[in-house]
Amino acid sequence: MRNVWIIAKREFAGYFNTALAFVFVVIFVALTSAFAFYVGNLFGRGQADLYPFFQYHPWLYLMLVPAVAMRLWAEERKSGTIELLMTLPIAPWQAIVGKFLAAWAFIGVALVLTFPIWITVNMLGNPDNGVILASYIGSFLMAGAYLSIGSFISALTKNQVIAFIVSALICFLFIMAGLNLVLGFFREWAPAFIVSGLESMSFLSHFDQITRGLIGLPSVIFYLSMIAFFLFANTLAVEQKKAE
Amino acid sequence: MTEPVKPALIKTERLIKRFGDITAVNGISLNVARGEVLGFLGPNGAGKSTTMKMITGFLEPDEGRVLIGGTDMHARPLEAKRRIGYLPEGAPAYGDMTPRTFLRFVAEIRGFDGSDRDRKVEVAGEKTGLHGVMDQRVETLSKGYKRRVGLAQAILHDPEILILDEPTDGLDPNQKYHVRSLIEEMAADKAIVVSTHILEEVEAVCTRAVIIDRGRVVADGTAEELQKRLPYHNAVTVDVPEAASGPAEAVLKGLANVSGVEEVARLNGHVQFRALASGHREIVAEVASALRDKSITVDQIYVERGRLDDVFREITTHDTHAERRAGNVIGQANNGGAGA
């Protein structure tokens, strides 16, 4: 655990060594809020909740999270520092988990900085703060799942742009799995268990439940096992690709 | 040979590494003991870096194994890696960190904390001449400084084993000198492997040289042993006036230990002969006294040692012969060239 912490600490500090971190946080907060007010019509609905705010997170994360994840391993490979990292006395999983946690914490910081919107709805009405807290937790978990996919893809290429596009695409598929549009297509011919299996793999359906106040154990387990699975794949990818 | 049986700190057993159809490393076995500085030579693409990557545990060999102080790199990688300091090719470092934060990071991973950590960083920075740039971002540093950051990172925990992949590449002559003396300073109680293209570096700092070509060891010995492989090693070159060239040649040819005489040059009324030493024996005294006995004036006389460059070229340019040679070259080197 000590090594994971050292790696995470270095990585996290790394975000703030460049202006990029601040740019990202500003864009993150601005976009999430803009969508809530202008597209989600937060005020116009006349309801004191943050549903319009959280509703767009799965879509915004499609762009924002791969942007954070793309450099995680692609850059290590491109600059050759991976050779340094992998010849230090640490296990590969420690480096992978450490880097993942740092990036996740960074997104967490951005998410926390959207707190003014929470304050706003509390000033205007009496929202269910339990639901809002659950939604924040759900949003954070979902970001973690996106991030683990992005981290895995990042280990497969030296090119950050490719890493970004491919991660965004895969995350997109995981969102789409929950849309009626897609499910309807499968319902035509596929057995029911496949359709429900597909639906249960969707980021969207799990997140939707959470934002409606149902932070069920299955959803939490879903996101955590997604993270575990992709970080495991990430370990294999790093081992396979490190020397190329 | 002279060396007593010392336990090898680095031992590789018939390492093989393939990349697709290419066999980058093809059965390399090495032993490096404490106190040895091994110069690792070879043309580009010969497999030097790949071998070093396997020794340091970055790459898994397809066959064979690496023992670090007796610890199997494959079975217990963390334990083995703890004992190694490694400067990878090109000295990669995190560009957005400063040497200080970067070295602190490495020190923490190496298990140092608090003031202990800061002291290690300070010492490593001092040894490699980083004072003055410790708080500048690595990406803004010159190539020479970047290389030193890599070196500092490698020696930070005072490892028993140092693997340095082209440590002086891209450095100016002063910096090269500095790095060499640093290696010499540390040599006594470590096993060091240095890969390089610069042959005088091998003569300057290495106790032994291994030349590899297309994934195989083609020569292994001290710089002197390798030089003995050249036909003109220990040959004596004499410069005589043209008038005396006839008798001089006759005298040289008449000597028992001279296996042949070549005329090297004829210039400004002088002739230069080279007397080849049979069995690479020391013949200079014999040559000098024989010429003196005949009252032949000698303007210049010197012993040819042979340059490592020539050895390198000879060994690594015989394309088709290289593989056949591999076996007997090693044999020769180990015999100290006594019979060649």
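Provide a single number: the residues in the stretch A:54-85 that are assigned to a helix (DSSP H, G or I) and within 14 Å of another protein chain (Cβ to nearest Cβ).
Going through the stretch A:54-85 one residue at a time, the tally reaches 13.
So for the stretch B:29-46 (the condition being more than 17 Å from the chain's Cα centre (by Cα), at pLDDT below 95 and closer than 29 Å to residue B:171 by Cβ), does at least one residue qualify?
Going through the stretch B:29-46, the residues more than 17 Å from the chain's Cα centre (by Cα) turn out to be none.
No; the residues of the stretch B:29-46 include none that is more than 17 Å from the chain's Cα centre (by Cα), at pLDDT below 95 and closer than 29 Å to residue B:171 by Cβ.
Inspect all residues belonging to the stretch B:73-91 and state whether any of them is facing chain A (nearest Cβ under 9 Å), free of Cβ contacts under 8 Å to residues at least 12 places away in the same chain, surrounded by fewer than 20 Cβ atoms within 10 Å (Cβ to Cβ) and in a helix (DSSP H, G or I). Checking the stretch B:73-91: at least one residue is facing chain A (nearest Cβ under 9 Å), free of Cβ contacts under 8 Å to residues at least 12 places away in the same chain, surrounded by fewer than 20 Cβ atoms within 10 Å (Cβ to Cβ) and in a helix (DSSP H, G or I). Somewhere in the stretch A:103-125, is a residue in a helix (DSSP H, G or I), surrounded by fewer than 17 Cβ atoms within 10 Å (Cβ to Cβ) and within 14 Å of another protein chain (Cβ to nearest Cβ)? So far as the stretch A:103-125 goes, no, none of its residues is in a helix (DSSP H, G or I), surrounded by fewer than 17 Cβ atoms within 10 Å (Cβ to Cβ) and within 14 Å of another protein chain (Cβ to nearest Cβ). The lone criterion from (1) under 26 Å from the mean Cα position of the chain (by Cα); (2) more than 9 Å from every other protein chain (Cβ to nearest Cβ); (3) at pLDDT 95 or above left unmet by residue B:99 is number (1). Summed over the stretch B:241-292, residues that are in contact (Cβ under 8 Å) with a residue 40 or more places away in the chain and touching a helix residue (DSSP H, G or I) at 6+ places or on another chain (Cβ under 8 Å) total 5.
Among the residues of the stretch A:161-173, are any under 18 Å from residue A:51 (Cβ atoms) and among the polar types (S, T, N, Q)? Looking for residues that are under 18 Å from residue A:51 (Cβ atoms) and among the polar types (S, T, N, Q), one finds none in the stretch A:161-173, hence no. Residues that are surrounded by fewer than 18 Cβ atoms within 10 Å (Cβ to Cβ) and either acidic (Asp, Glu) or in contact (Cβ under 8 Å) with a residue 12 or more places away in the chain (or both) are absent from the stretch A:144-155 altogether. When restricted to residues that are loosely packed, with under 12 Cβ neighbours inside 10 Å and aliphatic (A, V, I, L, M), the stretch A:173-193 contains 2. If you filter the stretch B:120-140 down to residues that are in a loop (DSSP other than H, G, I, E, B) and away from chain A (no Cβ under 14 Å), you find that the one that is surrounded by the most Cβ atoms within 10 Å (Cβ to Cβ) is B:128. I want to confirm something. Restricting to the stretch A:86-95 and keeping residues that are hydrophobic (A, V, I, L, M, F, W, C) and either crowded, with 23+ Cβ neighbours inside 10 Å or not in a helix (DSSP H, G or I) (or both), which single residue is farthest from the other protein chains (Cβ to nearest Cβ)? Filtering first and then ranking leaves A:95.
For the stretch B:154-186, what are the residues that are in contact with a Leu (Cβ under 9 Å, 6 or more places away or on another chain) and of a type in the set (A, V, I, L, M, F, W, C)? Within the stretch B:154-186, B:154, B:155, B:156, B:161, B:162, B:163, B:164, B:179, B:182, B:183, B:186 qualify. Within the stretch B:53-72, the residues that satisfy the criterion of being within 8 Å of chain A (Cβ to nearest Cβ) and closer than 16 Å to residue B:9 by Cα are B:56, B:57. All conditions but one from (1) touching a residue at least 40 places away in the same chain (Cβ under 8 Å); (2) among the hydrophobic types (A, V, I, L, M, F, W, C); (3) within 28 Å of residue B:56 (Cβ to Cβ); (4) buried (at least 20 other Cβ atoms within 10 Å of the Cβ) apply to residue A:12; the one that does not is (4).
Residue-wise test of (1) buried (at least 24 other Cβ atoms within 10 Å of the Cβ); (2) modelled with pLDDT of 90 or more.
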{"site": "B:159", "(1), (2)": "no, yes"}
{"site": "B:166", "(1), (2)": "no, yes"}
{"site": "B:175", "(1), (2)": "no, no"}
{"site": "B:182", "(1), (2)": "no, yes"}
{"site": "B:187", "(1), (2)": "no, yes"}
{"site": "B:190", "(1), (2)": "no, yes"}
{"site": "B:202", "(1), (2)": "yes, no"}
{"site": "B:208", "(1), (2)": "no, yes"}
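Scanning the stretch A:1-25 for residues that are β-branched (Val, Ile, Thr) and in a loop (DSSP other than H, G, I, E, B) yields a single hit, A:18.
I'd like the residue in the stretch B:265-311 that is touching a Gly at 6+ places or on another chain (Cβ under 8 Å) and among the aliphatic types (A, V, I, L, M) and, out of all such residues, is farthest from residue B:231 (Cα to Cα). Reasoning before the result, please.
First, pick out the residues of the stretch B:265-311 that are touching a Gly at 6+ places or on another chain (Cβ under 8 Å): B:275-276, B:279-280, B:290.
Pick out the ones that are also among the aliphatic types (A, V, I, L, M) and you get B:275-276, B:290.
Numbers: B:275: 11, B:276: 8, B:290: 23 Å.
Step by step, filter the stretch B:265-311, then rank; the result is B:290.
Residue A:174 passes every criterion in (1) over 18 Å from the mean Cα position of the chain (by Cα); (2) part of a helix (DSSP H, G or I) apart from (1).
Taken over the stretch B:46-72, the criterion of being among the aliphatic types (A, V, I, L, M) and not in a strand (DSSP E or B) is satisfied by B:46, B:52, B:54, B:55, B:59.
Does the stretch A:179-187 contain at least one residue that is among the charged types (D, E, K, R), free of Cβ contacts under 8 Å to residues at least 60 places away in the same chain and in a helix (DSSP H, G or I)? Even if it seems obvious, please write down each step before you answer.
Kept after step one, since they are among the charged types (D, E, K, R), are these residues of the stretch A:179-187: A:187.
Narrowing the set further to residues that are free of Cβ contacts under 8 Å to residues at least 60 places away in the same chain leaves A:187.
With in a helix (DSSP H, G or I) added as a condition, the list becomes A:187.
So far as the stretch A:179-187 goes, yes, one or more of its residues are among the charged types (D, E, K, R), free of Cβ contacts under 8 Å to residues at least 60 places away in the same chain and in a helix (DSSP H, G or I).
The values are calculated or read from the model by the stated rules, or taken from the named source; none is laboratory data. Computed from a predicted model, the values in this text were never measured in an experiment. Quick reminder, even Gly has a Cβ in these numbers, built from the backbone with ideal geometry, and neighbours come from all protein chains shown.
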